[in-house]
1. Post the alpha-carbon centroid distance, the stretch C:50-127 to the stretch B:50-94, in whole angstrom.
2. Find how much the distance from A:His18 to A:Ala165 grows on full extension, using 0.36 nm per residue of separation minus their present alpha carbon separation; answer in nm with one decimal.
3. Can you give the net charge of the other residues whose Cβ lies under 9 Å from the Cβ of B:Lys226, counting K and R as +1 and D and E as -1?
4. Could you give the length gained on full extension between C:Ala24 and C:Leu40, defined as 0.36 nm per residue of separation minus the Cα-Cα distance, in nm?
5. Starting from the Kirkwood Rh over alpha-carbon pairs, what translational D in µm² s⁻¹ does chain B have by Stokes-Einstein at 10 °C and 1.306 mPa s?
6. For the stretch C:140-260, report the convex hull volume of the alpha-carbon atoms normalised per residue, in Å³, without decimals.
7. Starting from the Cα of A:Lys111, draw a straight line to each of the aspartates and glutamates and keep only those under 19 Å, dropping any in the same chain fewer than 8 residues away.
8. Taking R0 as 56 Å, what FRET efficiency do you get between A:Lys198 and C:Gln216 from their Cβ-Cβ distance, rounded to the nearest 0.05?
Amino acid sequence: MLTIQDLHVFHGPIEAVHGISLEVEQGKCISLLGPNGAGKTSTISAITGIARSTGLVRFEGRDLSRDSVEARIAAGIAVSPEGRRIFSNLTVLENLTLGAALQKDAAEKAKDTDHWFSLFPILAERRDQSAGTLSGGEQQMLAIARALMARPKILLLDEPSLGLAPKIVRQIFDLIADLKTRGMTILLVEQNATQALKLADYAYLMSSGRIVAHGTADDLGKSDKLMAELTGVA
Amino acid sequence: MEYIVQQVLNALSFGAEYALLALGLAIVFSIMGLVNFAHGEIIAVGGYTMVAFASLAIGNPMIVMVGAVLAAMLASLTLERVAFRPVRKADPTTGLLTAFGVSIVLQNLFLLFVSPRPIAVTSLYFLDWSIEIAGIRLASLQVFETLTTIIVIIALMLFLRRTVLGLAVRAASLDFEMVRLTGIRANRVFAIAFLISGLLAGLACIFIMARRGSVDPHLGFEPVLKAFVACVVGGFGSLPGAVLGGFLLGAVEVAMLVMLPQSLGGMTDAFVFMIVAMILIWRPDGILSPAVEKGDKL
Amino acid sequence: MIRLSSSQRSGLVGAALLALVLVAIGLLTAYFGSRYQVRLVYSAYVNLIVVLGLQVFMGNARITNLSHSAFMGIGAYAAALCVTPENIKKISLPDAPWGLAQFSLDPVVSALIAVVITAVLALLLGMLIVRLTSIGATIVTLAILVIIHAIFLYRTDIFKGNQAFFGIPQVFNLTSVIAIAILVVIVCRLFRESRWGIQLRASADDEVGAAAMGVQIYRLRLIAWVLGAVILAVAGICYAYFLGTISARPFYFNHVFLTLAMLILGGMRTVTGAVLGTFLISFGLEGVRYLETGPVFLGIDLPEALGLSGIALGAVIVLTMALRPTGIMGNREIETLFVRQRH
Ligand SMILES: Nc1ncnc2c1ncn2[C@@H]1O[C@H](COP(=O)(O)OP(=O)(O)OP(=O)(O)O)[C@@H](O)[C@H]1O
Ligand SMILES: [Mg+2]
């Protein structure tokens with residue numbers, strides 16, 4: 001579904017990712033692991049078109065690498081970005097409405113809103129509250145719900161567990177597992193390898209802008225490389 | 001009694017004009033950090049459009065007013081495309097200086113191609129007559145101006161709360177990139193902000209022209225300077241701040257006009273700015289600074 | 001004896017190089033120029049001092065100032081009021097309050113008084129300005145420009161408004177203004193390379209860090225602001241002491257954006273940029289002004305085109321911002337063009 005080949009990502013003059021290739025198949029959950037500064041977020045930014053990149057980004061057989069950010073989103077990519085980036089000056093409901101910005105049909109939009117509110121009851125309770133007043137975990141749920149409002153074909157999740165208490169982390173991963181069983185295609189960026197590998201069908205390990213290992217979650221989970229990269233112990 | 005009501009209305013109509021202009025400045029600033037020094041020239045475009053209608057012998061006031069507003073909106077949109085797009089991502093100082101340069105170019109274009117001297121426009125005099133409400137005589141123009149502004153503020157609020165594009169404009173003031181990541185085209189958000197800004201300037205233009213009856217290349221300078229000050233007082237980039245600042249400035253100005261002796265008439269603005277300076281000593285970021293809102297992005 | 005840091009020493013080298021340029025232009029004008037050209041070059045040097053005064057604050061604190069021409073005006077009027085002989089003031093300012101028409105001082109004392117008055121005023125206004133956000137500060141400087149101009153116009157009994165304030169002794173010539181310009185170049189370079197200047201520029205590049213510096217940053221901005229105002233007062237004095245008459249109009253908008261365009265084109269971050277921009281625009285504008293009068297060119301009688309120079313200046317600002325926001329010089333001073341940089 002999503003194919004990336006020889007992707008180089010740049011922040012100004014700095015090259016953060018040096019030619020990686022990866023593949024996300026329809027209905028699968030693929031995990032992208034790696035330590036701080038490995039280039040995971042840069043890769044996500046290149047897929048959405050926020051960061052400048054060279055190489056191929058193909059989505060459903062179409063080359064997106066020259067398309068604008070907006071066109072890529074319209075093609076069916078949605079992202080819950082690093083740091084959540086909810087619109088804290090808007091209410092919870094307004095955040096969700098913006099998530100479905102491309103949905104023209106008001107009835108469908110209302111249906112989706114109700115659907116996600118039923119799945120995230122805590123958000124439903126706070127629907128008219130300013131999003132800035134939510135707790136970290138609630139904000140993360142809002143960020144994911146906002147992305148889902150777009151009815152994406154693929155969901156990019158950048159470190160959804162970052163900075164959350166273990167109990168909340170479990171909730172978030174349960175949610176992702178649930179989405180997966182509903183057939184959502186997911187690219188999950190995580191530092192929390194144990195949890196991510198439990199979910200993922202296939203995983204890539206990044207370090208210093210390169211993919212250093214990949215394989216099924218089981219294979220990679222057993223590899224020494226993973227432990228070495230993530231803990232810094234060689 | 002009559003005198004008090006008249007002065008209150010006076011203050012409201014002054015404030016309304018500043019609020020309209022300040023809102024137009026704030027909405028553009030909130031999404032792209034641009035201090036639009038060329039806002040005054042948008043007003044002048046409206047004024048010269050009225051001149052053009054007059055020279056075509058079109059006197060229908062509806063056509064003149066709608067035409068002027070549309071011209072202001074078009075001018076605002078054009079400036080965004082031609083002048084401000086290259087500095088969209090630049091720092092505020094670069095944007096500010098660009099706008100300053102654009103303002104100089106436009107003023108001198110009016111000078112070169114129209115005239116450095118004021119040109120009379122009489123088609124809007126009909127807006128100003130004396131009306132009597134509950135036994136109190138008031139200037140109709142001031143009533144119109146105040147009412148229009150209130151209606152416009154309500155309409156703008158509804159737009160910003162009820163429509164996706166309106167939500168996007170509000171969200172963009174916090175995190176423009178994230179707005180793009182919801183699939184809304186950045187160009188549309190910029191276009192709508194400049195269109196609103198032009199619309200507000202065009203409306204203000206109608207009232208300014210109805211009062212002054214003539215247009216010259218510097219038509220917009222003084223009201224926009226006041227609007228800028230209103231924005232600074234209210235907190236630059238905050239929309240409620242712009243409205244608050246505008247009405248506050250109107251009230252201070254009328255208070256000065258009433259209280260200062262005749263012999264100091266030419267110095268009203270100096271006294272108004274002095275009071276503003278005192279407010280800024282108290283709150284350097286303005287009364288409703290959006291800085292607090294921006295902070296929780298981190 | 002003041003110990004100079006290495007960056008200040010290279011600043012002095014740069015100032016010396018700029019001084020050579022200033023002297024060369026002056027000598028060429030003095031020997032080959034017509035009276036009109038001498039006047040033209042003199043005013044270019046006055047504008048250079050203005051642009052340098054602007055650079056001290058804008059270039060180091062990176063806050064756009066739009067009130068500089070007003071401070072130049074304050075310096076000019078203050079000196080003029082002190083130095084003009086009593087018998088002339090009795091005719092030109094018959095209603096002057098506070099005995100302003102009843103005394104006259106020698107040019108040096110007058111200039112000193114003018115500088116002190118401007119500095120005190122700048123200090124008072126500066127205490128407000130340096131605390132505002134950069135944009136708020138810019139708009140307040142615009143308001144200051146308008147107010148001071150209104151005062152010049154309103155108090156005709158002191159300033160004569162748009163009429164000529166005449167009878168100022170013409171004590172300066174081209175040599176004096178060149179000497180002063182060179183002195184100001186040195187001051188600006190020494191300030192830029194001083195600890196204060198370096199801290200100020202560093203804080204302007206990094207706003208979060210600047211906020212952490214808190215009060216310190218306000219003090220540094222205030223120092224630059226007052227120093228800039230002093231230089232602007234000097235420019236005003238040079239203007240008045242050469243022309244012999246002044247009025248309110250040259251200290252208003254047109255002059256503000258003329259000098260602003262000069263600084264922006266050359267590059268506000270450097271003193272070299274200020275010098276380069278001033279001369280480029282001073283001389284370039286003469287060509288535009290010639291077109292403005294509607295000359296006969298290649299047999300074609302061009303129409304009078306009032307506003308052309310304004311369009312040119314505005315276009316310079318817009319294009320510089322779009323293509324090269326840091327101006328021609330960017331972050332480079334003149335000496336770096338000659339000496340290879342050590343890394
Ligand atoms: N906007 C930017 N400007 C300059 N360099 C950047 C920028 N964003 C990222 N980088 C650099 O690119 C490299 C990769 O960063 P990236 O954010 O992609 O890492 P990451 O794998 O997401 O790390 P983390 O787990 O900490 O989020 C880093 O060296 C970082 O410093
Ligand atoms: Mg990351």
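1. 41
2. Between A:His18 and A:Ala165, full extension yields 49.5 nm more.
3. -4
4. On the way: separation 16, 0.36 × 16 = 5.76 nm, distance 1.56 nm.
Working it through step by step, the gained length comes to 4.2 nm.
5. Using the Kirkwood radius from Cα pairs, D works out to 80 µm²/s.
6. Normalising the Cα hull of the stretch C:140-260 by residue number yields 125 Å³.
7. The qualifying aspartates and glutamates are A:Glu94, A:Glu125, A:Asp128.
8. Efficiency, rounded to the nearest 0.05: 0.60.
Rule-based calculations on the coordinates, nothing more; no lab input. Note that the coordinates shown come from a computational prediction; the quantities given were computed from them, not determined experimentally. A quick note on method: Cβ atoms are made from the backbone with ideal geometry, for glycine too, and the neighbour counts reach across all protein chains shown.
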